[in-house]
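Engineer: Have a look at this one.
The values are calculated or read from the model by the stated rules, or taken from the named source; none is laboratory data. All values reported here derive from a predicted model rather than from experimental measurement. Heads up, the Cβs are rebuilt from the backbone with ideal geometry, glycines too, and the neighbour counts pull from every protein chain shown.
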Amino acid sequence: MASGAFGASFFKPAASSGAAQSNPASTSGWFTASQQQQETGQSQQPSLAQSTQAPQATQPAFFNSLLERGKKRPFASTSQDHSYGELPSLQLGLDDIRRKARELGAQDSKATRQAGRDQKAHYLLAASGISPGHALRDLKALDVQTSTPSPFKQADDFDPDNEKFMRSVQRRGRQAMVAESLARVHRDFDSFLEEKVSMNWDEQRRKIFQHFGLSSRDDLAGGESFNRGSFGRTSTHTKLPGPSGTRSVFGRSALEKSVIGQPGNVLASSQLFADHGDRGEAAAQNPDTRFMREKMGLFVKKVGDLNAARLEDKPYPILHEFAEVEDHPGGDVPRHLSGAYHALISITGEARNASSFSESGASKERVFANDYLNEVSTSKGATSMRKRIVEGSRVYLEQLFYSEVEAAIAKNPREAQLGGIPSTINRIRAYIRLRAARKDLAPDGTELQIVGDDYCWILIFFLLRCGFVTEAAEYVSSDPGFRSLDHKFVTYMTTYAQSRRLPRDLQQKINGEYQQRLRNAPENTIDPYRMACYKIIGRCDLGRRRLDGVGQGVEDWMWLQFVLAREDDRVEEFAGNVFGLEDIQTDITEIGQRVFAKGQDTPGGYGTFFLLQILGGMFEQAISYLGSHASVSAVHFAIALDYYGLLRVADFYTGGEDVLSFTTKQFPQINFAYLITQYTREFRTGNVEATIDYFSLICLNADLPGSLGKSQASVCHEALREFILETRDFAKLLGDIRSDGVRIKGAIERRLKLIKLVDQDEFLRTITVQAATVADDKGLTADAVLLFHLGEDYDRVIEIINRALSDTVALDLGQSVSDFQPLKPRIEPGVSGAGAAEPGSSLSLTTVDDPVDLARNMISLYNSNALYYQKIRQINRDACGLLLRMLDAKGQVEVGNWAPALDAINNLQILPLRAKGSVPYVRNASQSFASLPSVISRNIGHLIIWSITCIGRERERLYSGAYENEIRQALADDLLIMAKDLMLFAGMIKYKLPPRVYETLARAGAEIGAF
């Protein structure tokens, strides 16, 4: 047999222990394989005496002598751990030992290399602040791999004692059941953790930092895109049905951020437009809260009127109404904010007193959305929109200047010397006389041409500045002195008055004259107003869009830009004549970066730049800029613009917390939904009607094509659901139902048309039922009952009541029922005092704090109306009745009425209390157990405990009497039979009852002598 690890043990022992020393050559260690086998086979089990008398030779300790010594040592002395005494001893041959030695040497070299790598790793971990030793000790302390000892043991030998054998079988069965239950619970818990608590912790940390303003904008831009406020939910989970890329409030992680956020104070809106790092600074500015609250209240009323008009399909002059709020005295509000509304009125053509959409000037909701949101700049709609903006802004600036002219004349009538017929030309002449008296028409030394008594070129310029082109044409045509002065300009002016443009040939001529006069005229010999008129009429020298020698303010410069701008087909224009709205926007952007940069604008000066942006059609940038100075005004400017479709909105779910962002084509966009939901944080707790009005405005954008429109409607509906659960003011928000079945519409249902829900069924399914589901998941039983009742899901109402009753039955005897959270009563608007909430007129459950009372109230309502009753399944009705009777029986047990309690339990016909020892009767009862609803079956154990308790206490009462008689003994015997029947019943369903039931039965059975 070949030598090996297990082969040496089969060899015969040598005759003498000294045989290994007889041959000196044996110490050399060079043996053949057969000699090695003989040496390794000697003296397998030497005695302790032999091992102590073995010569301690002085020969070298080579492998064969070491092996011999090892065989002579007793196994117990080589190991202090006696737990290995039962293991067989292993003996190795020299070849095996030599191979093991080489392997150990190779392992040492590998361990050396590994130690070098480990040392580098230790340095890296130490540099990161991590102690490898502490981490290793903590990891070893986590005994996560500890296995649960198996409850199964080797089957015992057969015992002729049958009772002992049956107890052993029952014990093993219970142990198997418990082990299986524990394994199932572990699997369920692991799957729950995998589904609900699995998180990407890096993403979680980044979002927490962002939430508290601890991350920079560069970090946010460099990271991956994520849904705002989702707080680390991994992307591996199954998404709920809905628009692409959206998240639903239902079924989400508890760490996910709310759509509407937490209610805030009046300072919350001042932080809406601030950067993440500047929000603390914005909160510390402490604006005039009294004026801000008053202004917000005025805007709340206007928004309510707006929605009322939308519900009635009537036009609402939103720009005029919001401008009135901005004109309201108080606070440090620049006049430009009101002026911006009037500029938008000029652009949109909104009528003030239109009562129907058929009237002239009545603008419909979202009327400009298609043209403004058209991303093809050369399309007809986009071109028309740019023309409207240019034309409207120019008209506004002309009207603004003329109002200033009239105000100056009225303020200084002596210098103006209006007199005569107050015609338009005479008013301009009076204004010129006023300016001449102040000597601010032109710089000193400037030559101004006079025709008759008029500064002719100044008169024409101011007529053009006020927008009176026809009057200017009449003046140059009717005045003979002017015709003799410049007859060519008469042709230019009359042609320009027809369509505010010149044909190409006349434009070339006027440009030539302008350039010739500019080059050849001596300095200070040419009237600057004449050159200004030439520039305006002929669009001359577009590279220098300013008027030299003419005093100009910001509005005058802007007017010149819009007068010179043209929105035509650029292919047909000369290269030097191309100047449109996009060029104006570029100039405005440069002005903002140079003059109105952050921290450079003076108090109130932000209104000027905001007005410039509105005039230039930069609506999104204007909202973002104004928000950092007057957030309340910015929010309502956004509402007004969005009402007419003049605002490009971002997707709420991908826009993050940045109010202003840009599309892939670099078009600016405003996160309108985020703006509205965060603005309402300040007042939604105390004014639910106003909050619903603002939330419904989000659905203004539901008409957008594709997923963006669906996303806006989804945000609105989700905000409404969260708001419903936050306020729990269901009676006011969702309506109520009187005891006679008449439905009272709530605030949301009255606005179905505004939140883009077409009918009541969809409303109930989308809002009420889903909110009820969330309330049910959160354990808000009273809330869920009312919501499902309003949603007309009466069967679900009974299911929730049954669960609440079942939980009440499961409470221990004497334990009080947990109170429900009270709901807010339904109070009609404008009604206050004691008569605000009429008792009995509502099912708002404000006085119900007991599930039993709740169940009785709802059942009495449903029983009185067949329409309710027919929609409830029979099994739920029966279960509700049984649970109420169980609670009656429990009440009898709690007060110590043992016999009535047993009668009440027996009337339930669940337990075989009247079996009288009949095994078939008990078996039928146990078979019926499987058909019971879960809310009933889970309380069978409690019924058994109550029954056995009543039996024991009633037997004690019978035996405690002063006299014994046959009747008492018969009753006690009947109770004993009941107890035995209960034990038999419990044994037949033993795996379906809690363990404490068997303990109670065993203890009570021993006390009453059942076994």
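Engineer: Conditions first: (1) among the aliphatic types (A, V, I, L, M); (2) at pLDDT below 95; (3) more than 24 Å from the chain's Cα centre (by Cα). V632 passes all but one, so which condition is the exception?
Structural biologist: (3) is the only condition that V632 fails.
Engineer: So, in the range 497-534, exactly how many residues are over 19 Å from R545 (Cα atoms) and not aliphatic (A, V, I, L, M)?
Structural biologist: Quick first cut of the range 497-534, residues over 19 Å from R545 (Cα atoms) only: 497-499, 503-506, 509, 520-525.
Filter again for not aliphatic (A, V, I, L, M), leaving 498-499, 503-505, 509, 520, 522-525.
Total satisfying the criteria: 11.
Engineer: Step by step: first the residues of the range 762-783, then only those that are out of contact with any Asp or Glu (no Cβ under 9 Å at 6 or more places or on another chain) and acidic (D, E), then the one that is farthest from T691 (Cα to Cα). Which residue is that?
Structural biologist: D777
Engineer: Out of R435, R465, report the one residue that is without any contact (Cβ under 8 Å) to a residue 24 or more places away in the chain and surrounded by 17 or more Cβ atoms within 10 Å (Cβ to Cβ).
Structural biologist: Details: R465 fails: without any contact (Cβ under 8 Å) to a residue 24 or more places away in the chain.
Every option except R435 fails the conditions.
Engineer: Restricting to the range 470-485, what's the tally of residues that are in contact (Cβ under 8 Å) with a residue 24 or more places away in the chain and either more than 13 Å from I425 (Cβ to Cβ) or not assigned by TED's automatic domain parsing to the domain that holds L397 (or both)?
Structural biologist: Result for the range 470-485: 2.
Engineer: If I filter the range 963-981 for residues that are closer than 26 Å to G881 by Cβ and modelled with pLDDT of 85 or more, do I get at least one hit? Lay out the reasoning, then the answer.
Structural biologist: As a first pass, look at the range 963-981 and keep what is closer than 26 Å to G881 by Cβ: 978, 981.
Narrowing the set further to residues that are modelled with pLDDT of 85 or more leaves 978, 981.
Checking the range 963-981: at least one residue is closer than 26 Å to G881 by Cβ and modelled with pLDDT of 85 or more.
Engineer: Would you pick out the residues in the range 305-327 that are surrounded by 14 or more Cβ atoms within 10 Å (Cβ to Cβ) and part of a loop (DSSP other than H, G, I, E, B)?
Structural biologist: Within the range 305-327, P315, Y316, P317 qualify.
Engineer: Exactly one condition in (1) surrounded by 20 or more Cβ atoms within 10 Å (Cβ to Cβ); (2) modelled with pLDDT of 85 or more; (3) touching a Ser or Thr at 6+ places or on another chain (Cβ under 9 Å) is not met by P851; state its number.
Structural biologist: Only one criterion is unmet by P851, namely (2).
Engineer: If I ask for residues that are under 38 Å from the mean Cα position of the chain (by Cα) and in contact (Cβ under 8 Å) with a residue 12 or more places away in the chain, which ones from the range 378-405 would you list?
Structural biologist: Correct list: M385, R386, I389.
Residues checked against (1) at pLDDT below 85; (2) closer than 20 Å to K301 by Cα:
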position	(1), (2)
P317	no, yes
H320	no, yes
V325	no, yes
P329	yes, yes
R335	no, no
L344	no, no
